[in-house]
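Here's the structure, in structure tokens; my notes come after.
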Amino acid sequence: MFMTPRDFHSVRAALVESNPQLRSDIRMALLEKGIREPATCRSADSFLDVAGREMLDLVVCDSGSFGGQFSPAMQRIRRNALGGNPFVVVIATTNDASVGQVQNALAGGVDDLMSKPAPAKRIVDRIDHLVKRRKPFVATQTYVGPIRANFEKTSEAVGELMEVPNTLRGKVVEKLPEARLRRQVVKAAVQLKERLAEHPLAGIERLVRRALSWQEGDGELLQRHYGDLHSLSLELSGHYRGSDLDHIADLALALAKLAKRIGRHAASGPPEIDLDLLRHLGDVVRGSMRSESGSQPVVREIATLVDRHAEAD
């Protein structure tokens, strides 16, 4: 796909970089790319001011400029609490490539993270890539942004993936008018709001419903099904662990253990007591979703019950 500077003329971009030389180099590269007058910010505060006033299509930012508040700031944008486009393409750079810092930056919901020094040409190459191809979004209680590899399978299974508008591509490739792109963003933002209003137990409920639909099939097929349920539940548990939704992590872990137990007996047919417990788990989850009061103690109680049963032989 060949793109000329003229294709980027209508793109609204912001650059955040505290280093004067890097800021100048990247700004020049964006101008040469065809982006007219990118908003150039020396600090997080000036960027947040710009983001609050404009519907941006592209952000190139140094995560270190946010003084440890990069992830919360990005999630404000992703959750549509700041700015006019929660789906803006975000390329972040970092001086610290340690595992903890990388995970923290990715938790903000960026499309790409590059270690410094990141030559301006490499940043421009990543812009081209994100114009052509962008990952779908996932929207959960703890994260909104492009799908991450360690949660991809689970997100697809529990129905949390979202196809969101890429206004950068819309302008550069599809040549869509600004008004149409704004309508697309508003429509998707409404869907995002609905998704975030969904009860955090909904993912567990969908996994249980999926498991209970496996009424037929040979032992090998059932073993594969419950093996998938085991993996998906473990991933979901890891996703919520350490957050305010730790009780859901406990429930997902208990479900993983139960799925493993059922899978062991799948060849000869799962014991009815295991399936009854799976149905009971589903009933408790649905009941807790309908009534917020007391849901945490109830969820922890069923998690403990399932956990004890799953570990017994």
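The values are calculated or read from the model by the stated rules, or taken from the named source; none is laboratory data. Since the structure is predicted, the reported quantities are computational estimates derived from the model, not experimental observations. Reconstructed Cβ throughout: ideal geometry from the backbone, glycine too, with neighbour counts over all protein chains shown.
Things worth noting here:
- The condition of being under 17 Å from Gly145 (Cα atoms) and either free of Cβ contacts under 8 Å to residues at least 12 places away in the same chain or touching a Lys or Arg at 6+ places or on another chain (Cβ under 6 Å) (or both) holds for only one of Gln103, Gln21, Gln75, that being Gln103.
- Helices (runs of 4 or more DSSP H) completely within region 54-145 that count 1 or more residues being farther than 22 Å from Val164 by Cα and β-branched (Val, Ile, Thr): 99-106, 120-132
- Test: residue in region 67-78 that is charged (D, E, K, R), at pLDDT below 95 and touching a Pro at 6+ places or on another chain (Cβ under 8 Å): no
- Being in contact with an Asp or Glu (Cβ under 9 Å, 6 or more places away or on another chain) and either surrounded by fewer than 20 Cβ atoms within 10 Å (Cβ to Cβ) or not assigned by TED's automatic domain parsing to the domain that holds Asp25 (or both) holds for only one residue in Lys116, Lys132, Lys121, and it is Lys116.
- Scope region 24-50; condition of a type in the set (A, V, I, L, M, F, W, C) and either assigned to a strand (DSSP E or B) or farther than 23 Å from Val102 by Cβ (or both); matching residues: Met28, Ala29, Leu30, Leu31, Ile35, Ala39, Cys41, Val50
- Whether a residue is closer than 19 Å to Asn19 by Cα and without any contact (Cβ under 8 Å) to a residue 12 or more places away in the chain was assessed, and Gly64 does not pass this test.
- Qualifying positions in region 19-77 - under 22 Å from the mean Cα position of the chain (by Cα) and among the aromatic types (Phe, Trp, Tyr): Phe66, Phe70
- Filter result (touching a residue at least 12 places away in the same chain (Cβ under 8 Å) and over 16 Å from His230 (Cβ atoms)) within region 274-291: Arg279, His280, Gly282, Val284, Val285, Arg286, Ser288, Met289
- Hey, Arg180 assigned by TED's automatic domain parsing to the domain that holds Arg12, loosely packed, with under 14 Cβ neighbours inside 10 Å and either over 20 Å from the mean Cα position of the chain (by Cα) or assigned to a helix (DSSP H, G or I) (or both) or not: yes
- Test: Val89 is assigned by TED's automatic domain parsing to the domain that holds Cys41 and either within 23 Å of Ser237 (Cβ to Cβ) or surrounded by fewer than 19 Cβ atoms within 10 Å (Cβ to Cβ) (or both): no
- Selection within region 189-207 - in contact (Cβ under 8 Å) with a residue 60 or more places away in the chain and either in a helix (DSSP H, G or I) or not aliphatic (A, V, I, L, M) (or both): Ala189, Leu192, Lys193, Leu196, His199, Pro200, Ala202, Gly203, Ile204, Glu205
- Selection status of Val99, surrounded by 23 or more Cβ atoms within 10 Å (Cβ to Cβ) and either among the acidic types (Asp, Glu) or within 19 Å of the chain's Cα centre (by Cα) (or both): no
- Candidates Asp111, Asp96, Asp125 - the one that is free of Cβ contacts under 8 Å to residues at least 24 places away in the same chain and either within 30 Å of Phe2 (Cα to Cα) or acidic (Asp, Glu) (or both): Asp125
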